[in-house]
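Let me begin by presenting the structure, written as structure tokens, before commenting on it.
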Amino acid sequence: MLLMPLTPPKDAVYFEQLYQTHADPWDYRQAAEQAKYRLTLEAACRWQPHPSRVLDVGCSLGYLTELLAGYAPEVFAVDISETAVRLTRERCAARDSATRFDIRLGDALAPAFAAGQFDVVFVGDVLQGAFESSHRAVEAVRVLLPLLTPGGVLIVADYLNPSQQNDYLSLVERGGAQVLEKLYFNDRYWFRLKGALKGLRTTAFGQRLLCSQRVYRFLARRSAKRGPQGSKHFGLVVRPRP
């Protein structure tokens, strides 16, 4: 059996209410977030170009899950919110793809899957919730790494202050991971723009600006000149330490 019995997610009520009252709680449709998903998938392709089965942990509205259509024959996804699961299923069902999607309710920090099932496991904007408790973040990595097949990779990405990147890396390594690649999303100036817009964010003009990939690419080029300091999202490609 691929799936083990699911346990009730601990924070389900909070996140379910959030998704019921906000169509896009973290503005994942906006340009920098969409670029993050594309860059994450590109990293996966570098390390696992032809996976058989992949897992999107904490899939939220399913933007990354949907992008995985065609990347692997089987794509699994879990989220703590029933509404998020429903919306992800609807998004993926609309794709004309031979990929088989299996989207389930589950705890992102304790996904109930058997070991050794996935060539790639994606974990986006999940560990940051455990970052304030280093022990919890380390345990999450320890739980996720065994889900990988031999040679598989775990890709984590979170929104952090650049000064936290080294601490984040250390926590992941303490969870038993060997770092293969650091991922910089060059989105610092884009988030500065978002902050500067303030009340204009919800206007049609503000939304067009924040959803513009052209604006994101312009700001990303500037952010890249800052090196690691130019990224608010930071990611790692890792595998279990030998």
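No other residue among L183, L193, L169 is in a strand (DSSP E or B), within 19 Å of R226 (Cβ to Cβ) and of a type in the set (A, V, I, L, M, F, W, C) apart from L183.
Output yes when any residue across the range 109-118 is in a strand (DSSP E or B) and either in contact (Cβ under 8 Å) with a residue 12 or more places away in the chain or on the phi > 0 side of the Ramachandran plot (or both), and no when none is. Yes, the range 109-118 contains at least one residue that is in a strand (DSSP E or B) and either in contact (Cβ under 8 Å) with a residue 12 or more places away in the chain or on the phi > 0 side of the Ramachandran plot (or both).
The residues of the range 174-211 that are touching a strand residue (DSSP E or B) at 6+ places or on another chain (Cβ under 7 Å) and in contact (Cβ under 8 Å) with a residue 60 or more places away in the chain, listed by number, are G176, A177, Q178, L180, E181, L183, F185, D187.
Okay, residues lined up against (1) more than 19 Å from R241 (Cα to Cα); (2) at pLDDT 95 or above:
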site	(1), (2)
L87	yes, yes
A98	yes, no
F101	yes, yes
G106	yes, no
L109	yes, no
F118	no, yes
V126	yes, no
G129	yes, no
A140	no, no
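In this structure, does Y159 turn out to be touching an Asp or Glu at 6+ places or on another chain (Cβ under 8 Å), buried (at least 16 other Cβ atoms within 10 Å of the Cβ), touching a residue at least 60 places away in the same chain (Cβ under 8 Å) and within 16 Å of L109 (Cβ to Cβ)? No. Looking only at the range 186-208, residues that are out of contact with any helix residue (DSSP H, G or I) (no Cβ under 6 Å at 6 or more places or on another chain) and among the hydrophobic types (A, V, I, L, M, F, W, C) come to 5 in all. Of the residues making up the range 37-59, those that are crowded, with 18+ Cβ neighbours inside 10 Å, among the small types (G, A, S) and modelled with pLDDT of 95 or more number 2. Of all residues in the range 212-222, those that are touching a residue at least 24 places away in the same chain (Cβ under 8 Å) and more than 14 Å from Q30 (Cβ to Cβ) total 2.
Starting from residues that are among the β-branched types (V, I, T) and buried (at least 23 other Cβ atoms within 10 Å of the Cβ), keep the ones in the range 65-121 and report whichever is nearest to K36 (Cα to Cα). My answer is T65. Of the residues making up the range 10-24, those that are outside any helix (DSSP H, G or I), free of Cβ contacts under 8 Å to residues at least 40 places away in the same chain and surrounded by 12 or more Cβ atoms within 10 Å (Cβ to Cβ) number 1.
Restricting attention to the range 149-166, the residues that are over 23 Å from Q48 (Cα atoms) and either among the charged types (D, E, K, R) or in a helix (DSSP H, G or I) (or both) total 5. Scanning the range 25-52 for residues that are hydroxyl-bearing (S, T, Y), closer than 15 Å to F185 by Cβ and not in a helix (DSSP H, G or I) yields one hit, Y28.
The values are calculated or read from the model by the stated rules, or taken from the named source; none is laboratory data. Fair warning: this is a prediction, and the values are worked out from it, not measured in the lab. Here Cβ is always computed from backbone atoms with ideal geometry, including for glycine, and neighbour counts include all displayed protein chains.
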